[in-house]
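**Q** Dropping the structure in here first, questions after.
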Amino acid sequence: MSRVFRLAAMLLGIAPMAMAGNEARPAANDWATAVVRIEFSRTLYDLYQPWARRTGRTLKTGLVVAERQVLTTAQDVSDHTLVRLQKGGRGEWTLGKLLWVDYRVNLALVTTAEESFWRGLRPAVWLDGAPPGEAALQIVRWREGKLESRRAEFTQFTVHPSQTSGLNHAQLEVDSEIQGAGSGEPVVVGSRVVGLVSFQGGRGCRVIPASFIRQMLTAHGADNSRSPGYFHFYWAPAENVASLAQLGLPGSPRGVLVTKVPARLDGQPNVLRRRDVLLQVDGFAVDIQGDYRDPDFGPLMLEHLAVRGKWAGDEVRLRIWREGREQTVSYRLPRYDFAHDLVPWGPYDQPPQYLIMGGLVFQPLTRAYLQQWGAEWEQRAPFRLRYFVGEEATPEQPAVVVMSQVLPDPYNIGYQDLRYLVLREANGRPVHTLGQLQEALRQPQGGFHVLEFLANDSFRRIVLAAAGADQQATARVLERYGIPQEAVLTGGAAAQ
């Protein structure tokens, strides 16, 4: 997971490599045998009114990668009800099904039992290693019945979270005039695939590289038991060399400062401590910006070393400076799990959770909820909600509950304009999950419900009648607003 809020990457610093056989760039139509379209019909939820649902349709690009397997990104795949495939960019659609999806790594496989669909298709070939620095990259997709091929210009390698999780890994950044990309379009060079486009903002596109994709597909094809890991600690650049001097680190400035080591949810002991200086990871030297030199991608942020040929449960050797001397510790990678984030990604493949009491609507705080504020939610969402993003869940605080709004009723008069408040206690009990809230509401205090919220600029407490008045108000609200049920509590914030 990202420990520093920056794009710590630099331009590729490796020498260009020659393409095998000096093969010429194929014509765009040569990719018609490997590139297809995928349509997902989905159930869509309004996170502001989580009981409301509608149907929608998403069109994505798919890449044939093996016999009867089409690869795409996992974005906009969740809660699907129907999958269809189309080859040739037009004509008949073929009924398909989802074979595998992993929202942690943003990849999904689709297939179909229709023999006729596979005739004339053949798997694409992945590029080994990084693309040449001056390579003529192209982004390929079907558009309006034609195979579109747009030039892409390499800019840099970065380490960035997946579009569907907080798992960090190396990604390729390119510039292109293509519009509306980010749905699994392959980036190619010559006759080989460099990666899949997962995001576009302006001219800039982020690409999941072939090396990472192949690693994840190989694990899935083996036994699907391997899971990606991550570094469960926070660090900061050691650009203030006085900090290193204060800790007595000899020689030239190097390494990063460990700033926070949360308790691990898997029960494993922490081997790092706050104020350790992290010098090396598996033999790779870490500089004061938190970068190491990757043999394939050049300078990269150290977070990538948690997934570079590694899996959850694997041992990573960390060289640290602690208490006046260098030491080597063995760090076991924890499994990346959505529940490790205090504000989790998702939800995926399940309806959103909520609880209504007397018109007060409570929901877990998730990134999907924050994304109601649009593409710039990190600036536009209320600060008291954004404050929790990036924090680790702990046994004491596994999640955050928000009173998102109040549906007006005589029962809650005077409170009807309140919204976006973080709940702290209910009837004297700490509340971090909707299950805890539901239990607390069964035990009112002296015939009243007393709800305490985290301090904000004007409001901290709500007191409402219990003893049946709450249940009557809830029934009225459900009927008046056409809400089918007062609570949905099953499932977690995201499916694995």
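Throughout, read-outs are computed from the coordinates displayed, never taken from laboratory work. Since the model is a prediction, treat every value here as computed from it, not as a measurement. Heads up, the Cβs are rebuilt from the backbone with ideal geometry, glycines too, and the neighbour counts pull from every protein chain shown.
**Q** Go through the stretch 269-281 residue by residue and turn each phi into a ³J(HN,Hα) via Karplus (6.51, -1.76, 1.60, θ = phi - 60°); whole Hz please, and just put x for glycine and proline.
**A** x, 7, 9, 9, 10, 4, 6, 5, 9, 7, 9, 9, 10
**Q** Can you tell me the equivalent ellipsoid semi-axes for the chain? Use √(5λ) from the Cα gyration tensor, largest first, whole Å.
**A** Values: eigenvalues 354, 223, 63 Å².
Working from the Cα gyration tensor, I get semi-axes of 42, 33, 18 Å.
**Q** Please report the net charge: other residues with Cβ closer than 14 Å to the Cβ of R254, K and R +1, D and E -1.
**A** Numbers: positive: R293, R319; negative: E239, D276, D287, D291, E326.
So the surrounding residues net to -3.
**Q** Amide H to amide H under 5 Å from F448: which residues, 5+ apart in sequence or cross-chain, H placed 1.01 Å off N in plane?
**A** When sequence neighbours closer than 5 places are left aside, the close amide H contacts are A466.
**Q** Which value, in debye to the nearest 20, gives the size of the charge dipole of the chain about its Cα centre, when Lys and Arg are +1 and Asp and Glu are -1 at the Cβ?
**A** That gives the chain a dipole magnitude of about 100 debye.
**Q** Could you state the angle between the C-alpha long axis of helix 469-481 and the longest principal axis of the C-alpha atoms of the chain, as a value from 0 to 90 degrees rounded to the nearest 10?
**A** 50 degrees
**Q** What distance in nm separates the simple spin-label points at R322 and K97, each placed 7 Å from Cα in the Cβ direction?
**A** The answer from the label model is 5.0 nm.
**Q** How large is the dipole of the stretch 1-226 about the Cα centre if only Lys and Arg carry +1 and Asp and Glu carry -1, each at its Cβ, rounded to the nearest 20 debye?
**A** Values: 27 positive and 21 negative charges, 77 e Å.
Here the size comes out at about 360 debye.
**Q** With runs of 4+ DSSP H residues as the only contributors, calculate the mean residue ellipticity of the chain at 222 nm using -39,500 (n - 2.57) per run, divided by the residue total and rounded to the nearest 500.
**A** Values: 8 runs with 56 residues, N = 496.
Helix-only estimate at 222 nm: -3000 deg cm²/dmol.
**Q** Give the long-range amide H neighbours of D341: residues separated by 5 or more places, or on another chain, with amide H under 5 Å away, using H modelled in the peptide plane at 1.01 Å from N.
**A** Answer set, sorted by chain and number: A393.
**Q** Give the long-range amide H neighbours of L44: residues separated by 5 or more places, or on another chain, with amide H under 5 Å away, using H modelled in the peptide plane at 1.01 Å from N.
**A** Under 5 Å from the amide H of L44: R54, T55, G56.
**Q** While we're looking at this one, here's another question. Could you give me the ³J(HN,Hα) list for the stretch 185-190, computed from phi with Karplus coefficients 6.51, -1.76, 1.60 and θ = phi - 60°, whole Hz, x at Gly and Pro?
**A** 3J(HN,Hα) across the stretch 185-190, in whole Hz: 5, x, 9, 10, 9, x.
**Q** With everything on Cα atoms, drop me the angle between helix 210-222 and the longest principal axis of the chain, reported from 0 to 90° to the nearest 10.
**A** 70 degrees
**Q** Further, regarding this structure: Quick one: length gained pulling V271 to S330 fully straight, 0.36 nm per residue minus the C-alpha distance? Provide the component values of the computation, followed by the final result.
**A** Values: separation 59, 0.36 × 59 = 21.24 nm, distance 0.74 nm.
My answer for the length gained is 20.5 nm.
**Q** May I pose another question? Of N240, A74, L300, which is farthest on the positive side of the dipole of the chain, counting Cα position, with +1 on Lys and Arg Cβ, -1 on Asp and Glu Cβ, and the Cα centre as origin?
**A** Positive-most Cα among the choices belongs to A74.
**Q** Sticking with this one: Which percent of the Cα-Cα distances in the stretch 340-488 go past 23 Å? Don't jump to the answer; show the numbers that get you there.
**A** Values: 3792 of 11026 pairs.
Tail of the P(r) past 23 Å holds 34 percent of the pairs.
**Q** Between the DSSP loop rule and a limit of at most 14 other Cβ atoms within 10 Å, which trypsin sites (Lys or Arg not before Pro) in the stretch 25-115 are left? Please report the intermediate quantities before stating the final value.
**A** Values: sites: R37, R42, R53, R54, R57, K60, R68, R84, K87, R90, K97, R104; in loops: R68, K87, R90, R104.
Those satisfying the criteria are R90.
**Q** List, largest first, the extents of the alpha carbons of the stretch 234-332 along their principal axes, each in whole Å.
**A** 35, 33, 19
**Q** Would you please name the GluC sites (Glu not before Pro) within the stretch 128-175 that are DSSP coil residues with at most 14 other C-beta atoms within 10 Å of their C-beta? Please report the intermediate quantities before stating the final value.
**A** On the way: sites: E134, E144, E148, E153, E173; in loops: E134, E144.
Those that pass, being in a loop and sparsely packed, are E134, E144.
**Q** Taking the Cα centre of the chain as the origin and placing charges on Cβ (Lys, Arg +1; Asp, Glu -1), which of L59, Y48, L421 is farthest toward the positive end of the dipole?
**A** L59
**Q** For the stretch 70-223, build the charge dipole from Cβ charges (+1 Lys, Arg; -1 Asp, Glu) around the Cα centre, then report which of S165, G201, P123 sits farthest towards its positive end.
**A** Result: P123, furthest along the dipole toward the positive end.
**Q** Turning to a different aspect of this structure: What's the magnitude of the charge dipole for the stretch 234-332 around its Cα centre, counting Lys and Arg as +1 and Asp and Glu as -1 at the beta-carbon? Answer in Debye, nearest 20. Walk me through the numbers on the way to the answer.
**A** Values: 14 positive and 13 negative charges, 76 e Å.
Approximately 360 debye in magnitude.
**Q** To make sure I understand, if each residue's beta carbon is the centre and we count other beta carbons within 10 Å, what order do S404, S225 fall in, fewest to most?
**A** Working: S404 22, S225 8.
Listed from fewest to most nearby Cβ atoms, that is S225, S404.
**Q** Oh, and also: Taking Cα centroids, how far is the stretch 36-68 from the stretch 224-252 in Å?
**A** The distance from the Cα centre of the stretch 36-68 to that of the stretch 224-252 comes to 39 Å.
**Q** Can you run phi through the Karplus equation (6.51, -1.76, 1.60; θ = phi - 60°) for the stretch 296-304 and list ³J(HN,Hα) in whole Hz, with x for Gly and Pro?
**A** 9, 10, x, x, 9, 5, 4, 4, 5
**Q** Another question, then. For the stretch 1-226, max minus min Cα coordinate along each principal axis, in Å, sorted largest first?
**A** Projected onto the principal axes, the Cα atoms of the stretch 1-226 cover 52, 45, 38 Å.
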